[in-house]
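Notes for the one structure printed next.
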Amino acid sequence: MYTYKIYNNIAQEGINIFNKNGMKEGSSDPDALLLRSQVLQDIDFNKSLKCIGRAGAGTNNIPVKDATEKGVVVFNTPGANANAVKELVVCGMLLASRGIIQGSAYATTLKGKASDELNKAMESQKKHFKGTEVKGKTLGIVGLGAIGSLLAQTANIMGMKIIGYDPYISVDAAWRLPKEVEKADSLESLLSRCDYVSLHVPLLDSTKDLISSQTLKVIKDGAKIINLSRGGIVNNNDILDSLESGKISRYVTDFPTPELISRAADDGDVILLPHLGASTKEAEINCASMASEQVSDFLRNGTIVNSVNFPSVRLGRATNFRLIIINKNEPGMIGKIADQIASSNLNITDMTNKSRDDIAINLIDLDENPSDQIIKNIEAIEHILSVRLCPAL
Ligand code: MLT
């Protein structure tokens, strides 16, 4: 029986999937971790750990490189919270365009006033909260994955002009884009033409400080930036300078820092949210369910979908005796594994091998139950990271 450990608040629907698949909660030496924003340390990689499910898209809270070196599969849930994030981006654009926050705060100051008096006060003061509409304005979307493409559809319906930039766009994502989306050839080209810019890229070495003094130099005067992806994609000092000089007019983000909080309190041109992008009931259920399904299917069958460090792999069950073997991606490994199996007079009924960068996985269905000794012999082959017998349930 496989065990799991949960970090953070994970929707019960996800935990139910583990339980339905015969897994049990066990905090010491679990086979799987399921988490949201818990920052994992090396210490969390106990010897029995086989996989980690991240209920969300970003995996910057998981040491993915260490996981790969130890043969631990890291899953995420792309698209599962895309609608929640998209809705909050739309809200962010509106908050950045109209005096909603300031107007709402003003309305509460009228507590205790009689109707006539408060109506008069409101009508005389509402000019201070006037804004602009998003219809007819240009939205730049940086990153056209699940969230970016959904945002493009909604912004298109709202009458916005859309410019997209994504040098790594997948064919599926390209299909999802409305035909009206104009493709930018560079980030700078997008920034120079957009009234609103929304960021939808993961935090990687290559995307850190994507928005910095270098890129802000060319941004359209008065642009509004919305960042619900990750704080590190934007250089906060450079953003503050840009706000101070009036180059950009608003910064909306899910990732407050002390400097941003000071600016928000003093000037009101920074709008801060406490990492709420994916915080809807629906998104939490979708993410938890998707992560639990993926983790369960890997533990039970070796199937991998939506991993950030392993190749996708799937093999229909040919027999009841499946070996799941993870090895470093070195030449000759399949031959060495097959030799061990053949020397034990076992027959391979079906098998598949997939690799990605430095790691490889083999799913091997045998016609008979392999002995513990065969498993030990395979484990002893150089570059093998783990061998696990996975009976059909
Ligand atoms: C994500 O990466 O999708 C979000 O950060 C999820 C979350 O808020 O937990």
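General remarks:
- The portion of the accessible surface of the chain made up by carbon and sulfur, rounded to a whole percent, is 51 (1.4 Å probe; DNA, RNA and ligands excluded).
- Packing-based order for 311-319, 362-370, using average beta carbon neighbours within 10 Å, highest first: 362-370, 311-319
- Looking at the chain alone, DSSP beta bridges between its own residues are antiparallel in about 40 percent of cases.
- Annotation: segment 227-302 has a Kirkwood hydrodynamic radius of 14.7 angstrom, from the mean reciprocal C-alpha pair distance.
- The mean accessible area for residues of segment 311-393, using a 1.4 Å probe and ignoring ligands and nucleic acids, is 52 Å² per residue.
- Length gained when the stretch residue 345-residue 157 is fully extended (0.36 nm per residue, less Cα-Cα span): 61.3 nm
- Projected over every direction and averaged, the convex hull enclosing the alpha-carbon atoms of segment 102-237 yields 10.7 nm².
- Under 5 Å, built H, 5+ apart or other chain: amide partners of residue 162: 139, 182
- Max-minus-min Cα coordinates of segment 1-153 on each principal axis give 69, 39, 29 Å, with the largest extent listed first.
- In this structure, the pairs whose alpha-carbon distance is over 25 Å, taken from 65/224; 86/137; 130/220; 50/208, are 65/224; 50/208.
- Neighbourhood charge, 12 Å Cβ-Cβ cut-off, centred on residue 291 and excluding it, Lys, Arg +1 and Asp, Glu -1: -2
- With the charge dipole of the chain set up from +1 on Lys and Arg Cβ and -1 on Asp and Glu Cβ about the Cα centre, the Cα lying farthest toward the positive end among the listed residues 370, 214, 189 is that of 189.
- Per-residue [θ]222 nm for the chain (sum of -39500 (n - 2.57) over DSSP H runs n ≥ 4, rounded to 500): -10500 deg cm²/dmol
- Among 77, 280, 59, residue whose mean-square fluctuation peaks in a GNM of the chain (springs only between Cα atoms under 10 Å): 280
- Distance from segment 343-370 to segment 1-38 (C-alpha centre basis), Å: 28
- The residues neighbouring residue 276, those whose beta-carbon lies less than 11 Å from its own, together hold a net charge of -2 under the Lys/Arg +1, Asp/Glu -1 convention.
- Principal-axis tilt of helix 333-343 within the chain, Cα atoms, nearest 10 degrees: 30
- Rounded tilt (10° steps) of 82-97 against the dominant C-alpha axis of the chain: 20
- Mean-square fluctuations from a GNM of the chain, with a 10 angstrom spring cutoff on Cα atoms, peak among 43, 326, 378 at 43.
- Computed over the alpha carbons of the chain, Rg followed by Dmax gives 25.7, 93 Å.
- Cα-only radius of gyration and Dmax that characterise segment 311-393, units Å: 11.7, 33
The values are calculated or read from the model by the stated rules, or taken from the named source; none is laboratory data. Everything numeric in this text was worked out from a predicted model, so none of it was measured. Every residue, glycine as well, gets a Cβ built from its backbone with ideal geometry; the counts of neighbours run over all protein chains shown. For the accessible areas, the whole protein counts, side chains as well, though only heavy atoms, and no ligand, DNA or RNA atoms are used. Shrake-Rupley method; radii C 1.70, N 1.55, O 1.52, S 1.80 Å.
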